[in-house]
Amino acid sequence: METKLHFIDGQFVPSADGATFEKRSPLDNQPLYNIAKGGKAEIERATRAAREALRGEWGKMPQAKRSEMLHAVADAITRRFDEFVAAEEADTGQPRHVISHAFVPRGAANFKVFADVVKNVPTESFRMDTLDSRGAVNYAVRKPKGVIGVISPWNAPFLLMTWKVAPALACGNTVVVKPSEETPATAMLLGEIMNEVGIPPGVYNVVNGFGPDSAGEYLTRDDNVDAITFTGETGTGAAIMKAAADGIRDVSFELGGKNAGIVFADATFDDAVEGIFRSAFMNTGQVCLGTERVYVERPIFDKFVEALKAKCEAVKYGRPGDAGANYGPLISQEHKTKVMSYYQKAVEEGATVVTGGGVPEMEAALKDGAWVQPTIWTNLPETATVVREEIFGPCCHIRPFDEEDEVITLANANRYGLSTTVWTNDLARAHRVADEIEVGITWINSWFLRDLRTAFGGSKQSGIGREGGVHSLEFYSELRNVCIKL
Ligand code: NAD
Ligand code: 6OD
């Protein structure tokens, strides 16, 4: 069986102690490959290489040349598109159209967008004019932060990892990536691309392994790391923040969500059903921006629940490339156990199970995979566990509402504040609701429609900071002021 190694200083290397662990397919739970299990030694080796690379060719490279190289990375991803799609399919088991239309193209787009953003951002200058300072001029120069630790999750691995790596490199930093232990394949392929296009060794490094007491935690504690960018669970964010505090390392966090979908009776009905369906069940519900709480205005409530139920019952389970398959497994047996425990809890707390709630009948070859049914609940109070906690699975609770103020209060009554999707044809209402909802991103009559120039991030416990466009530059670089007395 193949072993995926680490990518350090431009080379694919095993762990010093030879330790590995196994990756199993979400489709059938069969072993797929082994992964080198990194620890302190590998992290130290990678962060040293990243520090050295800052002092070498990369650190001295003009910005225009760096941008050119990042465009070359994007072009190479596009040339080897099918390999990236195959790698992500194997790791996540998700339908081919999701990976090839949404996730892998975004990897290439991330490099292109940030290669251009860095070329177009002005810095500031201030001329002084008091008696003592007359004629003095201040100007700011933008400098990379240094070595960036990138810790990424498994749900859209290539999109989310490159969303951090691309702006970090565009600003002239070097990176050490710790991909999720479930999904290292595309991060490794990207190592090949970096060598192929001539990115100097040590600029992009990948250390595989786990979180606590493993590669992830050692990366957050390493003295050579200047800042940490993390996407994952809110609880993990808290642990990373504590570790980062010891070294006064800056953090940027994209964390969990328990997002509300709000459907007003004046919405275009079929669009709203399709939009909520996608937001709750795409990627088997494993999208941080996904909807797990749906609020529907009372006059259309019953019809809406029926229509969403029909769509759930029409999903076609299957392997990524199976004809017509539009619904994949969860990422792992461990995650299946977690999601199933929420399905059980919903019943214990008195939910009406509109559809799903269990494990589907699969063909013999797939029966051991991490499959669960898309699930809809109604009739739970807002205090119920599955209405409060992020499940990160293909499920939602639907509740009727009568008033705009009421639904805003319901939507805001949660510790998370990542995104909302609102469906209405009343423009004034759309603006009012968007203004009141406590989230980083509100989509009106749409969901997960991304313009990479916009600020992206979570409010409340869904994150710290904003990335996207110039906001990414604010995290991945710092302004240094020069004051000249003429
Ligand atoms: P996770 O927090 O379990 O793991 C994410 C990464 O952190 C993995 O690489 C893991 O190995 C590492 N890690 C775990 N513990 C660590 C520690 N103590 N120190 C350092 N690294 C550690 O998250 P996950 O299960 O991989 O992903 C799902 C979660 O990610 C969900 O909560 C989801 O909402 C969130 N997410 C958020 C966004 C966003 O943009 N806000 C995007 C995608 C996923
Ligand atoms: O589109 C993005 O940039 C982004 N960070 C998406 C996050 C998806 C979460 O699952």
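Output the residue which, of all residues in segment 133-177 that are more than 20 Å from Ile8 (Cα to Cα) and without any contact (Cβ under 8 Å) to a residue 60 or more places away in the chain, is surrounded by the fewest Cβ atoms within 10 Å (Cβ to Cβ). In this case the residue turns out to be Arg134.
Among the candidates Ser133, Ser67, Ser100, Ser125, which residue alone is out of contact with any Cys (no Cβ under 8 Å at 6 or more places or on another chain), closer than 16 Å to Pro167 by Cα and assigned by TED's automatic domain parsing to the domain that holds Leu160? Step through it out loud before you land on a result.
On the way: Ser133 fails: closer than 16 Å to Pro167 by Cα; Ser100 fails: closer than 16 Å to Pro167 by Cα; Ser125 fails: closer than 16 Å to Pro167 by Cα.
None of the others qualify; the one that does is Ser67.
Among helices (runs of 4 or more DSSP H) entirely within segment 24-81, having at least 3 residues that are within 25 Å of the chain's Cα centre (by Cα) singles out 40-55, 63-79. Enumerate the pairs (first residue in segment 11-23 and in the same structural domain as Lys37 (by TED's automatic domain parsing); second residue anywhere and crowded, with 16+ Cβ neighbours inside 10 Å and aromatic (Phe, Trp, Tyr)) with beta-carbon separation below 7 Å, excluding pairs fewer than 6 apart on the same chain, so at least 6 apart or on different chains. Listed pairs, sorted by first residue: Lys23/Tyr33.
For segment 86-128, the tally of residues that are polar (S, T, N, Q) and part of a helix (DSSP H, G or I) stands at 4.
A single member of Val203, Val177, Val207 is β-branched (Val, Ile, Thr) and within 16 Å of ligand 2 (Cβ to nearest atom), and it is Val177.
Taken together, Arg278, Arg319, Arg298, Arg293 contain a single residue that is more than 13 Å from ligand 1 (Cβ to nearest atom), in contact with a His (Cβ under 9 Å, 6 or more places away or on another chain) and of a type in the set (Lys, Arg), which is Arg293. Considering only residues of segment 90-132 that are acidic (Asp, Glu) and more than 17 Å from the chain's Cα centre (by Cα), which is surrounded by the fewest Cβ atoms within 10 Å (Cβ to Cβ)? Residue satisfying both the conditions and the ranking: Asp132. Looking at Val353, Val339, Val387 in this structure, which one is outside the structural domain of Pro153 (by TED's automatic domain parsing), within 19 Å of Lys258 (Cβ to Cβ) and free of Cβ contacts under 8 Å to residues at least 60 places away in the same chain? Exactly one of Val353, Val339, Val387 is outside the structural domain of Pro153 (by TED's automatic domain parsing), within 19 Å of Lys258 (Cβ to Cβ) and free of Cβ contacts under 8 Å to residues at least 60 places away in the same chain, namely Val339. Among the residues of segment 131-172, those that are more than 16 Å from ligand 1 (Cβ to nearest atom) and assigned to a strand (DSSP E or B) comprise Val137, Asn138, Tyr139, Ala140, Val141, Arg142, Lys143, Pro144. What do you reckon, is Val13 surrounded by fewer than 21 Cβ atoms within 10 Å (Cβ to Cβ), touching a Phe, Trp or Tyr at 6+ places or on another chain (Cβ under 9 Å) and within 19 Å of Thr186 (Cβ to Cβ)? In short, yes.
With the requirement that a residue be buried (at least 18 other Cβ atoms within 10 Å of the Cβ), within 14 Å of ligand 1 (Cβ to nearest atom) and not in a helix (DSSP H, G or I), what does segment 191-217 give you? Let's see the steps before the verdict.
Going through segment 191-217, the residues buried (at least 18 other Cβ atoms within 10 Å of the Cβ) turn out to be 191, 193-194, 199-209, 211, 214-217.
Those still in the list that are within 14 Å of ligand 1 (Cβ to nearest atom) too: 206-209, 211, 214-217.
Listed by number, the residues that qualify are Val206, Val207, Asn208, Gly209, Gly211, Ser214.
Determine, yes or no, whether Leu479 is more than 15 Å from ligand 2 (Cβ to nearest atom), touching an Asp or Glu at 6+ places or on another chain (Cβ under 8 Å) and not assigned by TED's automatic domain parsing to the domain that holds Ser332. Yes, satisfied.
The values are calculated or read from the model by the stated rules, or taken from the named source; none is laboratory data. Here the structure is a predicted model, which means the values were calculated and not measured. Every residue, glycine among them, receives a Cβ derived from its backbone with ideal geometry; neighbour counts consider all protein chains shown.
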